[in-house]
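Colleague: Just passing along the structure, written as structure tokens.
The values are calculated or read from the model by the stated rules, or taken from the named source; none is laboratory data. Bear in mind the structure is a predicted one, so any value in this text is a computation, not a measurement. Don't worry about glycine lacking a Cβ; one is built from the backbone with ideal geometry, like all the others, and counts go over all protein chains shown. These area figures cover heavy atoms from the full protein model, side chains too; ligands, DNA and RNA do not enter into them. Shrake-Rupley method; radii C 1.70, N 1.55, O 1.52, S 1.80 Å.
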Amino acid sequence: MNLINLETFTTVVKFMNFSRAADTLFVSQSTVTSRIKSLEEELKVDLFFREGKSVRLTATGERFFEHALKIQEMLRACEEDISIYNKFKNYLSICAPDSVWEYTLSASVSKFMSEHPDTAMKLKCGYSEFVVQDLLLGLADVGVIFQKIYGDNVEIEDFFQSKFHLVAQKNLVPEDVTITPENIQIYNPILIEWGPEFNGWYNKYYKTQIHFYEIDGTSLFVNMLLNGRGIGFLPDRIAKNYIASGQLESLSFQHSDTIPVDHAYIVFLKKNKEKVKDLLDAIKI
């Protein structure tokens, strides 16, 4: 497959306009048209619906776009790997969710990098499904995920377990109040998803029709709690320092016999076990 045609395709998708794609690529519009036509002939499919000056992806085009992005990312990773080959002894990539980086992983990885100056590293942030995808595509050597996966070529190890606290800014909830599924709405519950185990438990016991905030991002979630915007569940690995400093307090809440646990796993390809051994030793809690 012609890589120039692939780049032209993703550029057209970015603007959904052949003319703007041509300007970005510093070629004529006819060249862009020719490249897309060549790509469609090679794949034997239509990638775009033409609508005057604008275009939109066909269903096949949307599917191909996903693959095109992966191909381009793998090429960039290859270029990076080759460019550092003569400068460093090793090259490692680790991918994890942002909450793991900010509250658990950053310090140990920084220490590892200081102790291994001959190892170049790429640090990536992503949800568990993207971590697994990068791992299987060879774009990450080590990943941290919140749900077990299984595969003959994959090795998975426990990373940490952390119980959940229901927390809020001090004095937001009276001391004698126990939060229940019936009264939680009074105190503006803020919802963030903490993985399959927590989500299943929360949806069963505390899910309400309306949440004061539904947040996608740990830093924003914590900021809302610190600013007294409502109450929410935080794993102990994050909550403990805020509770100890008095910025947040742990609330009494009604729960089932089993309180959910924030459970994370380290995952890597079995063939890379020796390659990532030192990094694993450094980041394990």
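Colleague: Which of (1) part of a helix (DSSP H, G or I); (2) in contact (Cβ under 8 Å) with a residue 12 or more places away in the chain; (3) within 15 Å of the chain's Cα centre (by Cα) does residue 129 not meet, given it meets every other one?
Modeller: Exception for residue 129: condition (2).
Colleague: Among (1) under 26 Å from the mean Cα position of the chain (by Cα); (2) at pLDDT 90 or above, where does residue 71 come up short?
Modeller: Unmet for residue 71, out of (1) under 26 Å from the mean Cα position of the chain (by Cα); (2) at pLDDT 90 or above: (2).
Colleague: Looking only at segment 243-257, count how many residues are buried (at least 18 other Cβ atoms within 10 Å of the Cβ) and under 26 Å from residue 125 (Cβ atoms).
Modeller: Counting residues in segment 243-257 that are buried (at least 18 other Cβ atoms within 10 Å of the Cβ) and under 26 Å from residue 125 (Cβ atoms) gives 1.
Colleague: With the requirement that a residue be in contact with a Lys or Arg (Cβ under 8 Å, 6 or more places away or on another chain) and of a type in the set (A, V, I, L, M, F, W, C), what does segment 111-130 give you?
Modeller: Within segment 111-130, 120 is the sole residue that qualifies.
Colleague: Answer yes or no as to whether residue 71 is open to solvent by 70 Å² or more (accessible area, probe 1.4 Å) and among the aliphatic types (A, V, I, L, M).
Modeller: In short, no.
Colleague: Another question about this same structure. Check whether at least one residue in segment 241-257 is of a type in the set (A, V, I, L, M), out of contact with any Lys or Arg (no Cβ under 6 Å at 6 or more places or on another chain) and closer than 30 Å to residue 133 by Cα, and report yes or no.
Modeller: Within segment 241-257, none of the residues are of a type in the set (A, V, I, L, M), out of contact with any Lys or Arg (no Cβ under 6 Å at 6 or more places or on another chain) and closer than 30 Å to residue 133 by Cα.
Colleague: Give all pairs with beta carbons closer than 6 Å in which a residue from segment 88-109 that is of a type in the set (Gly, Ala, Ser) meets a residue that is surrounded by fewer than 19 Cβ atoms within 10 Å (Cβ to Cβ) and at pLDDT 90 or above; count only pairs at least 6 apart in sequence or on separate chains.
Modeller: 108/282
Colleague: Could you list all residues from segment 127-143 that are under 30 Å from residue 248 (Cβ atoms) and touching a Phe, Trp or Tyr at 6+ places or on another chain (Cβ under 6 Å)?
Modeller: Passing the criteria: only 128.
Colleague: Follow-up question, since we're still on this one. Sort out which residues of segment 80-132 are over 16 Å from residue 282 (Cα atoms) and among the small types (Gly, Ala, Ser), and write them in order of number.
Modeller: Those that are over 16 Å from residue 282 (Cα atoms) and among the small types (Gly, Ala, Ser): 83, 99, 126, 128.
Colleague: Please tell me if residue 100 is open to solvent by less than 40 Å² (accessible area, probe 1.4 Å), among the aliphatic types (A, V, I, L, M) and over 30 Å from residue 19 (Cβ atoms).
Modeller: Criteria met by residue 100.
Colleague: Output the residues belonging to segment 208-261 that are touching a residue at least 12 places away in the same chain (Cβ under 8 Å) and basic (Lys, Arg).
Modeller: 229, 237
Listed here are the residues, each with its yes/no results for (1) in contact with an Asp or Glu (Cβ under 8 Å, 6 or more places away or on another chain); (2) within 13 Å of residue 65 (Cα to Cα); (3) touching a residue at least 40 places away in the same chain (Cβ under 8 Å); (4) open to solvent by less than 90 Å² (accessible area, probe 1.4 Å).
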{"position": "9", "(1), (2), (3), (4)": "no, yes, yes, yes"}
{"position": "18", "(1), (2), (3), (4)": "no, no, no, yes"}
{"position": "26", "(1), (2), (3), (4)": "no, no, no, no"}
{"position": "29", "(1), (2), (3), (4)": "no, no, no, no"}
{"position": "33", "(1), (2), (3), (4)": "no, no, no, yes"}
{"position": "39", "(1), (2), (3), (4)": "no, yes, no, yes"}
{"position": "44", "(1), (2), (3), (4)": "no, no, no, no"}
{"position": "50", "(1), (2), (3), (4)": "no, no, no, no"}
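Colleague: Just to be sure I understand, how many residues within segment 105-120 are surrounded by 15 or more Cβ atoms within 10 Å (Cβ to Cβ), over 22 Å from residue 161 (Cα atoms) and either at pLDDT below 90 or among the β-branched types (Val, Ile, Thr) (or both)?
Modeller: Qualifying residue count for the region: 2.
Colleague: Continuing with this model, one more query. Checking residue 132 against (1) in contact with a strand residue (DSSP E or B) (Cβ under 7 Å, 6 or more places away or on another chain); (2) of a type outside the set (D, E, K, R); (3) under 23 Å from residue 241 (Cβ atoms), only one condition comes out false. Which one?
Modeller: Of (1) in contact with a strand residue (DSSP E or B) (Cβ under 7 Å, 6 or more places away or on another chain); (2) of a type outside the set (D, E, K, R); (3) under 23 Å from residue 241 (Cβ atoms), only one is false for residue 132: (3).
Colleague: Return yes or no: is residue 79 modelled with pLDDT under 90 and open to solvent by 80 Å² or more (accessible area, probe 1.4 Å)?
Modeller: Considered against the rule, which asks whether it is modelled with pLDDT under 90 and open to solvent by 80 Å² or more (accessible area, probe 1.4 Å), residue 79 comes out as yes.
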